[in-house]
Every structure is written in C-alpha cells, then in structure tokens.
Amino acid sequence: MRSLRTMLVAAIAAFAGAAGAQTYPNKPIRIIVPFTAGGTSDILARALGPHISAAWGQPVIVENRTGANGNVGADFVAKSAPDGYTMLLSDVGALAINPSVYASMPFDPVKDFSPIVMVSYSPHVLAVHPSVPVSSVQELIAYAKANPGKMNFANSGTGGAPHLAGVEFAARTGVQWTYIPYKGGSAAVIDVIAGNANVLFNGMLATYPSVKGGRLKGLAVSSAQRVPSAPELPTVAESGLPGFVTGSYQGLLAAAGTPRDIVAKLNAEFTRILNTAEMKEMLAKQGTEVRAGTPEALGTFIAEEKTRWAKVVREAGIKAE
C-alpha cells in the first residue's frame, strides 16, 4: 500500500510539473541582480531580458538588490517561491567564495538553488587611473614595490573574484596595496576613474569601455589568451605571471525545488538566445564569451569553485567585516 501511495504521489507531482512547464510563463518574470547597475551581471540581465520577453510575451523585470557582496540579492532568490518567476543572475565567484569569507551565511550556494545555465565568461581587466605612471604589468609591480601600501586597490566587494584576483597578484609579485571594497564592480570602476583609488581587476564587460574611452589605462587581461576584441592588451600570464587566469563567470539560478521541466525550458530558451549571432557578437566585442551549458554543469562548477576558493581565502585570512 505504501509503495502504491508513493507511486501515486510521484505521478501526480510529475503531471503537475509537466502542466506547469506547459503554461509557464503566464506572468512577469523577475531577474534579480545582486550588484549595482552597470556591472557585468546587470549588463547581461538587461541584454537578455528583452529577448526573453519577446519570445514568451511576458515582461521581464531586472531588479538590483545589493549588499554583502551579492548575499542580499542571492538570499532573496533562495527564499523566493520555486516557480521560475524569480531568478538570480550573478557572478558565480561571489556565490562560491562568500561562504568562506562570511562568518555566517543566510543560504547555501549549492543546496539552496536550482542552477539554470552558465551565461558567460569575461576575463578581468587589470587597469589603473591614467595618472599612475605605468604602462605595463612589470612597471606596475615596480611602482607598487617602490610605494608599498600607498596604492588603493578597488574591488567589487570583500571576497569577490576581483578582490581575490588582486590578492593572488599581490601574493605572486610581493606588492602591497590597500583593498577598498565597493557594492559592485561598476562602483569600483567609477572610483578609480575619479582618482579615489588607483588600480583594480574587474570584469572586462563592465570595464573595457572605460579603457577604450581613455578613462582608465588598461594593462592586461586575466584570460589564458589575448582577447580578440582587445588585442592591444597582453595577458597577465605573458606579462610575467605564468598560469594567472581569473575572471567573471556569470550564471543564472532559481530557488531550489523549481520544477525540472521549468528549469529545462528556461535553460533551452536562454541557451538559444545566448547562441544567436547577435548576442555572441555583442558580447565578443566586449571581450566576453558565451558559456551556455546544462544546469548540471553549472551546479558542478559552483561546487568546484566553492572548494577551490576556500583554500585561497583561508590562506589569505580574508574575512568580511
């Protein structure tokens, strides 16, 4: 009897999930960006939203919920209804690294989300304010060593991938600078442009336009090879730090328990949009690669990044205030 009851419940759940996927979406969709407007996650969400709206005939609302290096917005999505109408578009690094940086977390980045799709990879740009008298990575190292502790390193938030890129760079070169956290990459870029900080690593999608416009001086990119749209920028690796590869991986997630059929429908549609010639060309011009894959691949990547960065954070003694 118990076995029959279990089978009946499973059948009803499967039918409900299939029915839900057939009618989804029938109301507005929200994409939560846990960082300030103008950053990589925000740019991607606002680029993708109109395509989803056109395909499905429902409004797509992009909402910035900032704080605690992405934790505020991520927690909001983790605790939202698991129905596919509220999603998170975030730097995967923030999700994976924050558990090692914060003494307590309001959510688990592995257990409390249903991964939907990896969106993109954008290498970090190493850039300085135009007044900094350097024009290469090696000149930056020499200048920072000649001025220990006098350079301010702006980053998108304590423990974020751009912050840890700076930590890794400093550890490998012996430079010393003061880390200044902001509520997102766009805020860090703005303050370096204003001259209130000197140097930063930040996602290329959100940073390279300021380099092209002369508001920042680009020194290198953190990808394994040079970026075709910015061939003038050498990699950090070829500038004397072999194997130095960091960047901004962006992913789309919903609350844990979102029906598999809805996750599959979302994955298929976002993958289709990301692989259109229009989207790939738009992102490539800004040094960003489409990395669409399966929900399972994104979930595995988050778990692996969580393990990878825990060691780095522990050895560097990084803690959020």
Can you tell which of Thr235, Thr258, Thr207 is polar (S, T, N, Q) and not assigned by TED's automatic domain parsing to the domain that holds Ala165? Thr258
Can you name the strands (runs of 3 or more DSSP E) wholly within region 15-130 that have at least 1 residues being outside the structural domain of Thr294 (by TED's automatic domain parsing)? 113-128
Residues of region 241-254 that turn out to be of a type in the set (Gly, Ala, Ser), out of contact with any His (no Cβ under 6 Å at 6 or more places or on another chain) and crowded, with 22+ Cβ neighbours inside 10 Å, as a count: 3
Mind checking which residues of region 257-301 are β-branched (Val, Ile, Thr) and modelled with pLDDT of 95 or more? Thr258, Ile262, Val263, Thr271, Ile273, Thr276, Val290, Thr294, Thr300
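Looking for something part of a loop (DSSP other than H, G, I, E, B) and under 19 Å from Leu44 (Cα atoms) - is there at least one such residue anywhere in region 251-258?
Let us first name the residues in region 251-258 that are part of a loop (DSSP other than H, G, I, E, B), namely 256-258.
Checking the rest, the ones that are also under 19 Å from Leu44 (Cα atoms) come to none.
No: zero hits.
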Subset of region 86-101, residues modelled with pLDDT of 95 or more and over 11 Å from the mean Cα position of the chain (by Cα), comes to Thr86, Met87
Odd one out for Ser135, checked against (1) in contact with a Leu (Cβ under 8 Å, 6 or more places away or on another chain); (2) crowded, with 20+ Cβ neighbours inside 10 Å: (2)
Just a yes or no: is a residue in region 255-270 among the basic types (Lys, Arg), buried (at least 17 other Cβ atoms within 10 Å of the Cβ) and either farther than 26 Å from Gly38 by Cα or without any contact (Cβ under 8 Å) to a residue 12 or more places away in the chain (or both)? yes
Answer yes if at least one residue in region 216-225 is touching a Pro at 6+ places or on another chain (Cβ under 8 Å), farther than 21 Å from Ala170 by Cα, surrounded by fewer than 21 Cβ atoms within 10 Å (Cβ to Cβ) and not aliphatic (A, V, I, L, M), and no otherwise. no
Would you mind stating whether Pro148 is loosely packed, with under 15 Cβ neighbours inside 10 Å and modelled with pLDDT of 95 or more? no
Looking only at region 280-298, count how many residues are part of a helix (DSSP H, G or I) and surrounded by fewer than 18 Cβ atoms within 10 Å (Cβ to Cβ). 6
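The values are calculated or read from the model by the stated rules, or taken from the named source; none is laboratory data. This one's a predicted model, so the numbers in the text were calculated from it and none came from an experiment. Cβ atoms come from the backbone with ideal geometry, glycine included; neighbour counts cover every protein chain shown.
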